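The values are calculated or read from the model by the stated rules, or taken from the named source; none is laboratory data. Just so it is clear, the model here is predicted, and its values are computed rather than measured. A quick note on method: Cβ atoms are made from the backbone with ideal geometry, for glycine too, and the neighbour counts reach across all protein chains shown.
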């Protein structure tokens with residue numbers, strides 16, 4: 001009986017790490033910015049639905065412990081990352097989305113930070129960043145898709161992998177449908 005109690009106590013005291021962090025030298029969570037407005041055209045803010053999605057992102061990635069947050073210089077990426085950055089009490093690092101080697105710069109920044117990193121990008125940059133991290137490049141993100149979340153595992157040895165999830169309210173883009 002004493003051995004059983006000791007075993008149960010030991011099991012209760014062991015802190016289980018989230019599966020997405022186990023065995024990975026680097027874990028990068030990538031999302032496209034949340035829903036954006038239409039004005040100002042050059043750098044619109046999030047819509048109320050986008051602000052809600054930004055808050056839902058915290059819940060979707062809650063089991064993870066983040067070491068850094070990376071965004072672009074656009075308001076919509078910074079606002080999507082803001083709830084998590086505030087919770088962590090960190091300032092998001094910005095990487096210029098217009099840079100020719102943007103994906104490589106983001107991948108290098110994430111590798112330099114190590115641990116688990118959140119990257120908030122754009123429909124035309126997220127999959128490129130995943131490829132720059134060495135994982136298979138997923139299907140493109142359509143203009144009306146905001147609910148895709150990718151987790152890239154970069155192990156100390158071996159190939160990087162990518163896992164795709166959805167978070168928040170489901171978005172559908174008619175342009176993504178195949179006939």
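Go through region 22-43 and give me each residue that's over 18 Å from the mean Cα position of the chain (by Cα) and within 23 Å of residue 129 (Cα to Cα).
Filtering region 22-43 down to residues over 18 Å from the mean Cα position of the chain (by Cα) leaves 23, 37-43.
23, 42, 43, listed by residue number.
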inquiry  = Among the residues in region 122-144, are any in contact (Cβ under 8 Å) with a residue 12 or more places away in the chain, under 26 Å from residue 93 (Cβ atoms), part of a strand (DSSP E or B) and touching a strand residue (DSSP E or B) at 6+ places or on another chain (Cβ under 9 Å)?
reply    = no
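Taking residue 60 as the residue in question, decide whether it is at pLDDT 90 or above, surrounded by fewer than 20 Cβ atoms within 10 Å (Cβ to Cβ) and under 12 Å from the mean Cα position of the chain (by Cα).
On the way: at pLDDT 90 or above: yes; surrounded by fewer than 20 Cβ atoms within 10 Å (Cβ to Cβ): yes; under 12 Å from the mean Cα position of the chain (by Cα): yes.
It is true that residue 60 is at pLDDT 90 or above, surrounded by fewer than 20 Cβ atoms within 10 Å (Cβ to Cβ) and under 12 Å from the mean Cα position of the chain (by Cα).
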ask   = Within region 96-113, is there a residue that is under 22 Å from residue 44 (Cα atoms), in contact with a strand residue (DSSP E or B) (Cβ under 9 Å, 6 or more places away or on another chain) and not in a helix (DSSP H, G or I)?
value = yes
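Hey, could you check region 152-172 for residues that are assigned to a loop (DSSP other than H, G, I, E, B) and within 20 Å of residue 110 (Cβ to Cβ) and say which is nearest to the chain's Cα centre (by Cα)?
Residues of region 152-172 that are assigned to a loop (DSSP other than H, G, I, E, B), as a first pass: 155-160, 167-172.
Then drop every residue that is not within 20 Å of residue 110 (Cβ to Cβ), which leaves 155-160, 167.
On the way: 155: 17, 156: 20, 157: 22, 158: 22, 159: 19, 160: 15, 167: 11 Å.
Filtering region 152-172 for residues that are assigned to a loop (DSSP other than H, G, I, E, B) and within 20 Å of residue 110 (Cβ to Cβ), the one nearest to the chain's Cα centre (by Cα) comes out as 167.
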